Each structure stands twice: as C-alpha cells, then as structure tokens.
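Asker: Here's a structure for you.
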Amino acid sequence: MPELPEVETVVRGLRAALAGRTITGLRLGKTDFIADVPRLETALPGATIEEVRRFGKFIGLRLACLSGLASPAAGNGHRESNWLLVHLGMTGQFVVCRPDSPERPHTHVWLALDDARELRYTDTRRFGQMRILHAGELPAFLSRLGWEPLEAPYDKFCAALERRAMIKALLLDQRVFRGLGNIYTDESLWRARIHPKRHAAQLSDAEHRALYAAVRRVLADAIRLRGSSISDFVDSAGSPGEYQRRHRAYGREGKPCYRCGGKIRRIIVAGRSSYFCPRCQRAPRGNKVRRQR
C-alpha cells in the first residue's frame, strides 16, 4: 500500500505537471470507489488545478471551480475552491500521460487537460478513494487524522505515544500519525531497536528520542529515493521508486540482520505482518514471540 513517501513522491510529480492546468473533460469507468459520483462529474470539468498537496496518505488537488456546481451556497458565475481528494488504496496509480499512451488495465478515471495530456487513475483492486470536498469541508475531514510525522514537534510526538497500545499498532493508527504504514513502521522500529509489540507507554525517554529520529530519517530517505516499489507503486510519470533496495527489516524474513547478523523474523501485530530482528529488538518481558507460518 502506498504510504507517506510514495504519496509524497506522486504529489511532487503532480505539482510540477499540473499547476495551472484546467480539466477539460472527464471519463469514468468503474466508480465504486468514488464518493458521490454526480458531484464529481459536475465539479471537475472546467476546474483549474491551483495546488497539489499531501494530507497523510491522501493526495489533494485544490480546484478553482464555477460556484453552484459543487456548492450551492455561492452565487452563479463566481469561482470557489474545492478539493479533489484521492487515496491510492493498495494498488492505485495516478499518472500524467499523453492521451495516445497505451491504457493500463483497470484504469477507471481519465481527466483530460488543457495541454492535450491526460491524468489517469488506475487501481487493480479498487481499494482507493476519490471524493470532492468544498474548501470549508476540508478542516473537518483532516481533523480525523493525526500528526504529520515529519512535522510533529518532539513533545507532541512523545505525548501521542502515551497510550496503552503496542507501538506498532499505534504508529499504524492514522488518528495518531497520518501517513505511516507497514513498511516504514517496521523500518523505523528496526532503526530505533524497538520491538513492534512493546507497549508505547512503557518506552523510555531514550527510546522516544531514538524512535523520533528514526521515523524522520527513514521517511526523509524514502522520499529522497522516491518511495518503495514492492509491487504496483509508480510515480506520476509511471516510474518505480528505489527505497526497497534500502529496506533493513520489511519483507526480509529469514535474511541476516544488517546490524547484528541475526535472522529477521515475521510476526503478526495489529493484523499486519511485522518484520524485526529478535537480537536487536528485544521482545517485552513475558511475551514469547512465535514464528508466523
């Protein structure tokens, strides 16, 4: 599933390619991942893309739209800001290309642009999301999400960990930190030498500092290398990322730890496969870790 670095990579590409472009047409395939299809069909054609931002794992396109299309509150003939929010789910791709480019299977949204290019959304499993929000609706939507990991001050980061939950589960909770997922929690915990089943509220000050630094370092490095392409991820130009070559824990079950040589193991935490080194990341006392088959 695309996480913060992958989404940030896509956003940077879209920002460079789409700023100031106008959407001249819309074509839809399957629409079960779109909230309020009629609203989308009305709001997008004729809208100008003014800004591209990331909100956790969501891509946000700020649109200047004719009023009365998505918001009946304003008078006709005026322009107002709406947001197109896109979540890539597990297999989503949002790519800018020429209209004569070969269409990938499972492409469901085609946005024609005023420079003769297309913005296409492809999603094999259709676990993604797409919706239109008025500018005034965005704060309420974002209030359900937690801190941006790269923006949270150290004291706020530590305060968010004062909960009775396993640290892996807490880092995955989008209401606590927006954007973190399975790959980068495993990589951060490995770097900080913290077992994924440790209780967050029992971490020491030194472990807080180590985890805070690890999360920021891992995310920054992954963004610099344009994310991890495990299976489906490509950037807005259709190119894969490179950070999967730097993984130290995720997906490395049975392979030697880069730090101590011990074998990486896999367990299930919060319903997700979790990779760690049993030598470097000691299990909580009284908690026997069994290998998952």
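The values are calculated or read from the model by the stated rules, or taken from the named source; none is laboratory data. What you are looking at is a predicted structure, and each value in this text was computed from that prediction instead of being measured. A quick note on method: Cβ atoms are made from the backbone with ideal geometry, for glycine too, and the neighbour counts reach across all protein chains shown.
Yes or no, residue by residue, for (1) part of a loop (DSSP other than H, G, I, E, B); (2) outside the structural domain of residue 88 (by TED's automatic domain parsing); (3) without any contact (Cβ under 8 Å) to a residue 24 or more places away in the chain; (4) surrounded by fewer than 18 Cβ atoms within 10 Å (Cβ to Cβ):
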position: 158; (1), (2), (3), (4): no, yes, no, yes
position: 168; (1), (2), (3), (4): no, yes, no, no
position: 174; (1), (2), (3), (4): yes, yes, no, yes
position: 180; (1), (2), (3), (4): yes, yes, no, no
position: 186; (1), (2), (3), (4): no, yes, no, no
position: 191; (1), (2), (3), (4): no, yes, no, no
position: 226; (1), (2), (3), (4): yes, yes, no, no
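Asker: Would you please list the contacts, defined by Cβ atoms under 7 Å and residues six or more apart or on different chains, that run from a residue in segment 96-123 that is on the phi < 0 side of the Ramachandran plot and surrounded by fewer than 14 Cβ atoms within 10 Å (Cβ to Cβ) to a residue that is not in a loop (DSSP other than H, G, I, E, B) and not polar (S, T, N, Q)?
Answerer: As it stands, the answer is 99/118, since those pairs meet every condition given.
Asker: Filter segment 142-156 down to residues that are free of Cβ contacts under 8 Å to residues at least 60 places away in the same chain and among the hydrophobic types (A, V, I, L, M, F, W, C) and give me whichever is farthest from residue 35 (Cα to Cα).
Answerer: Checked segment 142-156; the qualifying residue farthest from residue 35 (Cα to Cα) is 152.
Asker: Give segment 196-224 a look and list any residue that's in a strand (DSSP E or B) and free of Cβ contacts under 8 Å to residues at least 60 places away in the same chain, or say none.
Answerer: none
Asker: Moving on. Just to check your reading of the model, which residue among 74, 70 is crowded, with 20+ Cβ neighbours inside 10 Å, over 22 Å from the mean Cα position of the chain (by Cα), at pLDDT below 95 and small (Gly, Ala, Ser)?
Answerer: Working: 74 fails: crowded, with 20+ Cβ neighbours inside 10 Å.
The match here is 70.
Asker: Please go through segment 1-52 and pick out each residue that is among the charged types (D, E, K, R), in a strand (DSSP E or B) and free of Cβ contacts under 8 Å to residues at least 40 places away in the same chain.
Answerer: 50, 51
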